[in-house]
There are 2 protein chains.
Amino acid sequence: MRSIAIIGIGQTKIDEHWDISLRDLAVEAVLAALHDAGRDSAEALFVGNMLSPLLSGQNQLGALIADWAGLRGAEAVKVEAACASGGAAFRAGLMAVASGEVGSVLVVGVEKMTDMAGHDVTAALATAADADYEGKQGVSFVGLNALVMRRYMHEYGWKHADFAPFSINAHANAVHNPYARLRDLITVEQFEKSSMVATPINLLDASPIGDGAAAALIVPAESVTRNEKRVLVVGCASATDTIAVHSRREPLFLNAAYASAKQAYSQAGIGPENIDVFELHDAFSIMAALSLEVCGFAERGQGVRLGLDNEISPKGRIPVCTRGGLKARGHPVGATGMYQIVEVVQQLRAECGATQVDGARIGMAQNIGGSGATIVTHIFKRNS
Amino acid sequence: MRSIAIIGIGQTKIDEHWDISLRDLAVEAVLAALHDAGRDSAEALFVGNMLSPLLSGQNQLGALIADWAGLRGAEAVKVEAACASGGAAFRAGLMAVASGEVGSVLVVGVEKMTDMAGHDVTAALATAADADYEGKQGVSFVGLNALVMRRYMHEYGWKHADFAPFSINAHANAVHNPYARLRDLITVEQFEKSSMVATPINLLDASPIGDGAAAALIVPAESVTRNEKRVLVVGCASATDTIAVHSRREPLFLNAAYASAKQAYSQAGIGPENIDVFELHDAFSIMAALSLEVCGFAERGQGVRLGLDNEISPKGRIPVCTRGGLKARGHPVGATGMYQIVEVVQQLRAECGATQVDGARIGMAQNIGGSGATIVTHIFKRNS
């Protein structure tokens with residue numbers, strides 16, 4: 001595939017933005033990405049979003065946001081793959097540039113979740129599951145993940161407290177990220193005592209929803225050879241699994257994460273040992289463990305060990321959630337994949353201050369839709 | 001761009017399919033397209049859909065349909081651009097193949113609209129408009145088109161009956177299409193006397209909703225040089241306009257249709273005089289007139305003349321809606337763009353029986369999202 005570079009990034013703080021509309025959030029991130037790149041326009045806009053029809057009564061975000069961002073007339077479209085919408089939109093935009101059809105693409109992930117009552121949001125999130133065979137049974141999205149976590153603890157003999165390092169690391173890193181939603185340190189004691197949501201997932205296993213948008217500007221790499229800021233996309237792959245968790249032979253093995261990571265590694269000509277920073281999809285602490293295993297950083301059933309051994313901090317063997325992850329930076333679902341990509345770029349540009357991974361050269365972002373049904377994996381490389 | 005060919009097509013009848021689920025409709029069309037191509041799989045699936053979150057409580061259609069269609073594990077994603085979702089999904093799939101990232105792509109447009117009450121569907125369709133500045137005022141989607149039609153009649157002096165030929169032609173052609181929803185002939189008298197929906201749009205100006213799915217299998221053209229059935233994509237472009245009609249300087253000029261058609265003509269190296277068949281987006285009769293004008297088949301304000309002069313029938317100068325169009329084949333919104341493409345392929349393969357356009361070599365499909373906010377134009381060419 002044609003070589004593609006990211007030359008600009010932008011993001012909004014994730015929060016309860018009751019005074020900022022969906023379109024204005026998206027525009028803020030888009031304009032920040034353009035400003036970062038020193039440009040004033042792009043040929044096309046790809047939007048990642050999951051919930052705007054349900055929570056904002058708004059479809060056709062492509063045309064809506066393009067107009068508001070000063071790109072009136074430009075090609076624009078929305079891509080949806082539940083919580084993997086951001087990563088999927090980035091991949092679609094990347095293929096548009098790679099095809100030669102479009103010279104520059106802005107990709108923005110945006111989600112506005114806090115204008116509605118919590119039960120409405122819970123119902124909306126359940127549309128990521130199989131409506132006929134999971135949703136209709138009344139199981140919520142956290143409920144599905146709780147079943148997976150319980151099974152994991154049973155199979156491999158881990159206690160709930162063993163998952164604490166994932167959340168503690170995420171919160172510790174978010175303290176230094178001005179865009180993060182939760183910027184407070186947490187302890188093992190707090191982790192263990194927090195309110196139960198769906199046994200065994202408690203509040204501190206779970207990522208918070210939020211309003212936010214993150215964007216990137218991509219162009220053919222050969223068009224910006226002298227740009228010091230550019231970050232290259234060296235791996236990009238997407239795969240799916242059954243949408244219903246009960247249809248999987250091995251519910252503890254994320255097939256689509258394995259397949260997409262394997263392909264991305266192969267494209268980049270590297271393996272997990274070469275990844276300096278990994279923005280994974282810790283919607284729930286169990287997902288952090290499963291992602292680490294299936295991407296080759298731990299044996300099966302041993303993902304939690306990386307946390308217990310302190311290997312996931314910015315100074316560890318495989319730093320994850322260096323800007324707070326879904327757990328503490330926040331999880332505005334359709335935007336999350338773009339936050340991950342923006343954060344990897346920040347690491348590769350050495351802009352992360354206290355949570356900077358020393359000498360980060362290669363970073364990976366993995367975005368998960370549903371309980372592992374759609375997974376998009378990207379690998380990025382520093383310019384020099 | 002790399003040359004791309006369609007080698008298989010499939011569709012379901014458009015109807016009130018109360019006994020067939022969203023996923024089963026999509027699978028029926030996908031399997032038909034694979035069967036038509038003589039293949040049993042594809043590397044990726046792109047889904048065009050607008051309303052499944054709102055009407056079926058289901059997101060993440062990519063993973064859902066891939067699994068059910070026997071493509072478990074394949075890359076799969078949904079593309080949404082209101083009623084242009086089908087055409088936009090086709091374009092995204094086409095760029096995926098053109099980029100070299102994916103070797104074969106199934107694109108399916110699917111919509112399930114008749115399980116819900118009519119007022120719920122009307123509210124869902126309004127999400128194609130600007131939720132904050134149009135929807136919140138209470139205007140429905142047909143109401144917006146009615147304002148445009150009234151303005152057109154005022155500006156150019158046409159009577160309501162002058163639009164009748166569009167609907168009469170569509171119904172006459174649908175009689176011969178077994179997949180069409182409305183297969184009855186209508187007269188000028190019926191057209192004039194049908195129930196008012198939003199003045200001046202009455203029932204026979206408006207397309208019916210429905211449940212349906214249509215699919216196509218695309219591959220690099222060079223991989224199937226000996227395939228007699230193959231149809232080449234020679235033009236493919238997309239553009240947007242303001243989402244709110246009131247923001248447009250000239251509400252009677254479809255900027256995005258003009259821009260995308262111009263680019264598609266240029267890619268194909270042709271002009272409107274070379275188009276043998278045009279599947280346009282007659283969601284309302286006014287849209288047929290506006291599309292014909294802006295794509296170069298009539299002067300501004302003179303689109304209706306083509307109907308009155310009997311130039312739009314299969315034997316006319318520019319045959320439109322040869323399988324019934326949105327008006328009579330039906331308008332399952334997110335699927336419509338794929339029905340248009342499938343129908344152009346049928347024409348270029350000379351499979352249209354009584355409504356076959358003699359010697360059709362080049363065909364165009366134009367899919368419109370919202371009141372002209374997202375427009376995707378494709379041009380196709382017969383193999384030989």
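The values are calculated or read from the model by the stated rules, or taken from the named source; none is laboratory data. As the structure is a computational prediction, the values presented were derived from the model and not from experiment. Positions of Cβ are backbone-derived with ideal geometry, glycine not excepted, and every protein chain shown enters the neighbour counts. Accessible surface areas use protein heavy atoms only, side chains included; no ligands, DNA or RNA. Shrake-Rupley method; radii C 1.70, N 1.55, O 1.52, S 1.80 Å.
Yes/no per residue for (1) more than 12 Å from every other protein chain (Cβ to nearest Cβ); (2) open to solvent by less than 20 Å² (accessible area, probe 1.4 Å); (3) in contact (Cβ under 8 Å) with a residue 24 or more places away in the chain; (4) out of contact with any Ser or Thr (no Cβ under 8 Å at 6 or more places or on another chain):
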| residue | (1), (2), (3), (4) |
| --- | --- |
| A:ARG226 | yes, no, no, yes |
| A:THR242 | no, yes, yes, yes |
| A:ARG249 | no, no, no, yes |
| A:ALA257 | no, yes, yes, no |
For this session: Take A:GLY109 and decide whether it is more than 7 Å from every other protein chain (Cβ to nearest Cβ) and not aromatic (Phe, Trp, Tyr).
Result: yes
For this session: From (1) within 14 Å of another protein chain (Cβ to nearest Cβ); (2) farther than 30 Å from A:LEU45 by Cβ; (3) among the charged types (D, E, K, R), pick out the condition that doesn't hold for A:GLU155.
Result: (1)
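Condition first: among the polar types (S, T, N, Q) and crowded, with 24+ Cβ neighbours inside 10 Å. Now tell me which residues in region A:10-55 satisfy that.
Applying the first criterion (among the polar types (S, T, N, Q)) to region A:10-55 yields A:11-12, A:21, A:41, A:49, A:52.
Selection gives A:GLN11, A:THR12, A:ASN49, A:SER52.
Restricting the search to region B:49-79, which residues are on the phi > 0 side of the Ramachandran plot and either touching a Phe, Trp or Tyr at 6+ places or on another chain (Cβ under 6 Å) or touching a residue at least 60 places away in the same chain (Cβ under 8 Å) (or both)?
Going through region B:49-79, the residues on the phi > 0 side of the Ramachandran plot turn out to be B:57, B:60, B:70, B:73.
None; the set is empty.
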Seminar exercise, completed: Picking from A:ALA129, A:ALA82, the residue that is over 24 Å from B:ALA244 (Cβ atoms), within 7 Å of another protein chain (Cβ to nearest Cβ) and in contact (Cβ under 8 Å) with a residue 40 or more places away in the chain would be A:ALA82
Exercise. Which condition does A:ASP184 not pass, out of (1) open to solvent by less than 30 Å² (accessible area, probe 1.4 Å); (2) in a loop (DSSP other than H, G, I, E, B), if it passes all the others?
Worked result: (1)
Seminar exercise, completed: Among (1) over 26 Å from B:LEU55 (Cα atoms); (2) in contact with a Cys (Cβ under 6 Å, 6 or more places away or on another chain), B:VAL333 falls short only on (1)
Problem set entry | Qualifying residues in region A:81-117 (those that are over 20 Å from B:SER52 (Cα atoms) and of a type in the set (D, E, K, R)) - the one surrounded by the most Cβ atoms within 10 Å (Cβ to Cβ) | A:ARG91
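With a cut-off of at least 1 residues that are within 18 Å of A:ILE7 (Cβ to Cβ), name the strands (runs of 3 or more DSSP E) lying wholly within region A:43-139.
Working: elements: A:44-48, A:75-80, A:105-111.
Because the criterion is at least 1 residues that are within 18 Å of A:ILE7 (Cβ to Cβ), the strands (runs of 3 or more DSSP E) in region A:43-139 that meet it are A:44-48, A:105-111.
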For this session: Residues being of a type in the set (S, T, N, Q), over 19 Å from A:SER285 (Cβ atoms) and touching a residue at least 60 places away in the same chain (Cβ under 8 Å): count how many of those fall in region A:356-383.
Result: 3
For this session: Name the one entry in A:ILE6, A:ILE20 that is modelled with pLDDT of 95 or more and more than 11 Å from A:LYS112 (Cα to Cα).
Result: A:ILE6
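So which of A:ALA161, A:ALA129, A:ALA146 is surrounded by fewer than 16 Cβ atoms within 10 Å (Cβ to Cβ) and of a type in the set (A, V, I, L, M, F, W, C)?
Working: A:ALA129 fails: surrounded by fewer than 16 Cβ atoms within 10 Å (Cβ to Cβ); A:ALA146 fails: surrounded by fewer than 16 Cβ atoms within 10 Å (Cβ to Cβ).
Exactly one of A:ALA161, A:ALA129, A:ALA146 is surrounded by fewer than 16 Cβ atoms within 10 Å (Cβ to Cβ) and of a type in the set (A, V, I, L, M, F, W, C), namely A:ALA161.
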For this session: Tell me, yes or no, whether region B:132-139 has at least one residue that is surrounded by 24 or more Cβ atoms within 10 Å (Cβ to Cβ), within 11 Å of another protein chain (Cβ to nearest Cβ), out of contact with any Gly (no Cβ under 6 Å at 6 or more places or on another chain) and of a type in the set (Asp, Glu).
Result: no
Exercise. Only one residue in A:MET149, A:MET196 is free of Cβ contacts under 8 Å to residues at least 60 places away in the same chain and among the aliphatic types (A, V, I, L, M). Which one?
Worked result: A:MET196
Exercise. So how many residues does region B:114-126 have that are within 11 Å of chain A (Cβ to nearest Cβ) and over 19 Å from the mean Cα position of the chain (by Cα)?
Worked result: 1
For this session: Working only within region A:260-276, note down all residues that are surrounded by 17 or more Cβ atoms within 10 Å (Cβ to Cβ) and outside any helix (DSSP H, G or I).
Result: A:ILE270, A:ILE275, A:ASP276
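Only one of A:LEU71, A:LEU61 is facing chain B (nearest Cβ under 9 Å), closer than 18 Å to A:GLY10 by Cβ, open to solvent by less than 10 Å² (accessible area, probe 1.4 Å) and more than 23 Å from the chain's Cα centre (by Cα). Can you tell me which?
Numbers: A:LEU61 fails: more than 23 Å from the chain's Cα centre (by Cα).
Going through A:LEU71, A:LEU61 in turn, just one is facing chain B (nearest Cβ under 9 Å), closer than 18 Å to A:GLY10 by Cβ, open to solvent by less than 10 Å² (accessible area, probe 1.4 Å) and more than 23 Å from the chain's Cα centre (by Cα): A:LEU71.
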